[in-house]
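Visitor: Got a structure for you, questions after.
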Amino acid sequence: MHQRLHSARQQLIGIILLMPLLFVVFKWALPSLPSNPMLKEAFWSKKVDADSSYDIVYIGDSRVYRGINPELVFKQTQLKGLNFGFSSAGLSAEMIQIGQQHLSAKGARCLLIAVSPNALLFSTHNNGHYHQLMQQPTVDRYLQATLYPSLQTLHAYAISDFVKLRAGEAYYETFHLDNGFVYSNHLPYDSSAALYQYQTQLSKNAIDTAQAYNLIKTFRNLQAQGFKIVLTRMPSSWAMRQLEDRLSKGFIDRWLAQAQSHGLTYLHLPIGPYHSYDGSHLDGASASTLSKVIGDSLQRICKPRYRQVLLR
């Protein structure tokens, strides 16, 4: 009896010692995922709990967080930036206020705000993605932000992951945990993939014109307080821009014209030089190119005010 217990104990110890090796072999044999789910959770937790140390905050939807890399802007301007974009984000006074709170009182105090028909719809006012993240317990977000990057190899696989990989479908995402940007690419590359989704969204939902014009008042008040407001439209495919302008009946151009008439700055970003993998979002290389273009412009727009603050 004693001998059998001793043998069983030895076998158990052997299994325990062998488990790390089996885990390494198992992980080595599995394909790498194009988007790590643990890094994704860490990414969003770090973003919503970012501090208030930034010179510039970029506000908008997924076109923003997949399209503007604050690190590349910083290399040209020395303006520390936070990409505060969220999926299907709406431009509400609430989101502008939250984004503003991440600006340093001693910095350039610049807000770059990406406008689109989708961001001004009644249906996007609630900013569901942001509030869903904030509903998580604070301790959970802290653990995700601090521990998950070190534990990223322990992520789980879903059957759908293998199905997509076998079919040649992949959404490549590199999460920049320190600044809120996601370098993205998608296979297969289809610049018309998102058109139907946006057509459905814009056909079924209306722009809240009253809130849109109230936003201009909000921006003017912020500018009067010493903030620099920069409005822009993120590049997409030509087909997407035409679809948005047709279904919104040209509202964005009229709104931007009125915003400029009230002294707000509009940064024009041409569509032509950039490529979208689905018609809505820029691929990683185009996002990098765009970020450098934005950096050149912000050097002129935000830096003069920043120098004035430093001289006080």
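Every number in this text was worked out from the coordinates using simple rules, so none of it is lab data. The structure displayed is predicted, hence computed values, not measured ones. Cβ sites come from the backbone with ideal geometry, for glycine too, and all protein chains shown count toward neighbours.
Visitor: Of Leu256, Leu82, how do they rank once you tally other Cβ atoms within 10 Å and put the fewest first?
Guide: If I rank by nearby Cβ atoms, fewest first, I get Leu256, Leu82.
Visitor: Assuming R0 = 45 Å, what is the FRET efficiency of Ala105 and Arg166, from their Cβ-Cβ distance, to the nearest 0.05?
Guide: 0.30
Visitor: Quick one: 3J(HN,Hα) in Hz for the range 103-115, Karplus 6.51/-1.76/1.60 with θ = phi - 60°, rounded, Gly and Pro as x.
Guide: Rounded to whole hertz, the list is 7, 6, 5, 9, x, 6, 6, 10, 10, 9, 10, 8, 9.
Visitor: Ser52 to Ala93: FRET efficiency via 1/(1 + (r/R0)^6), r the Cβ-Cβ distance, R0 25 Å, to the nearest 0.05?
Guide: 0.85
Visitor: Please identify every one of the GluC sites (Glu not before Pro) in the range 169-252 that sits in a loop by DSSP and has no more than 16 other beta carbons within 10 Å of its own beta carbon.
Guide: Glu169
Visitor: Using R₀ = 41 Å, calculate the FRET efficiency as 1/(1 + (r/R₀)^6) where r is the Cβ-Cβ separation of Val139 and Asp253; round to 0.05.
Guide: Efficiency for this residue pair is about 0.35.
Visitor: Can you compute 3J(HN,Hα) from phi for each residue in the range 37-45, using the Karplus curve 6.51 cos²θ - 1.76 cosθ + 1.60 with θ = phi - 60°, rounded to whole Hz and x for Gly and Pro?
Guide: x, 6, 5, 4, 5, 5, 4, 5, 5
Visitor: Convert 25 °C to kelvin, take the viscosity as 0.890 mPa s, use the Kirkwood radius over C-alpha pairs of the range 124-227 as Rh, and evaluate the Stokes-Einstein diffusion coefficient in µm²/s, rounded to a whole number.
Guide: Using the Kirkwood radius from Cα pairs, D works out to 132 µm²/s.
Visitor: Taking each pair of distinct Cα atoms in the range 189-252 once, what is the resulting Kirkwood hydrodynamic radius in Å?
Guide: That comes to 13.9 Å for the range 189-252.
Visitor: Collect residues whose amide H, placed 1.01 Å from N in the peptide plane, falls under 5 Å from the amide H of Thr265; neighbours closer than 5 in sequence don't count.
Guide: Amide H neighbours of Thr265: Ile229, Leu231.
Visitor: Filter the trypsin sites (Lys or Arg not before Pro) in the range 174-268 down to the DSSP loop ones having no more than 14 other Cβ atoms within 10 Å, then list what survives.
Guide: Lys249
Visitor: So what's the net charge close to His281: Lys and Arg +1, Asp and Glu -1, counting the other residues with Cβ under 15 Å from its Cβ?
Guide: Summing Lys/Arg as +1 and Asp/Glu as -1 gives -2.
Visitor: Here's a follow-up. Would you pull out the residues with amide H under 5 Å of His186's amide H, same chain only if 5 or more places away, H placed 1.01 Å from N?
Guide: Tyr172
Visitor: Can I ask one more? On average over all directions, what projected area in square nanometres does the range 202-312 have, based on the convex hull of its Cα atoms?
Guide: Dividing the Cα hull surface by four gives the mean projection, 8.3 nm².
Visitor: Tell me the label-point distance for the pair Ala206, Leu267, using the 7 Å Cα-to-Cβ offset, in nm and rounded to one decimal.
Guide: 3.3 nm
Visitor: Then there's this: If each of Asp296 and Tyr213 carries a label point 7 Å out from its Cα toward its Cβ, how far apart are those two points in nm?
Guide: Simple spin-label model gives 3.7 nm for this pair.
Visitor: HN-Hα J couplings of the range 250-266 from phi, Karplus 6.51/-1.76/1.60, θ = phi - 60°, integer Hz, Gly and Pro as x?
Guide: x, 4, 4, 5, 5, 5, 5, 4, 5, 4, 5, 5, 9, x, 8, 8, 10
Visitor: Counting pairwise Cα distances across the range 32-311, what percent come out greater than 35 angstrom?
Guide: Here the long-distance tail beyond 35 Å is 14 percent of all Cα pairs in the range 32-311.
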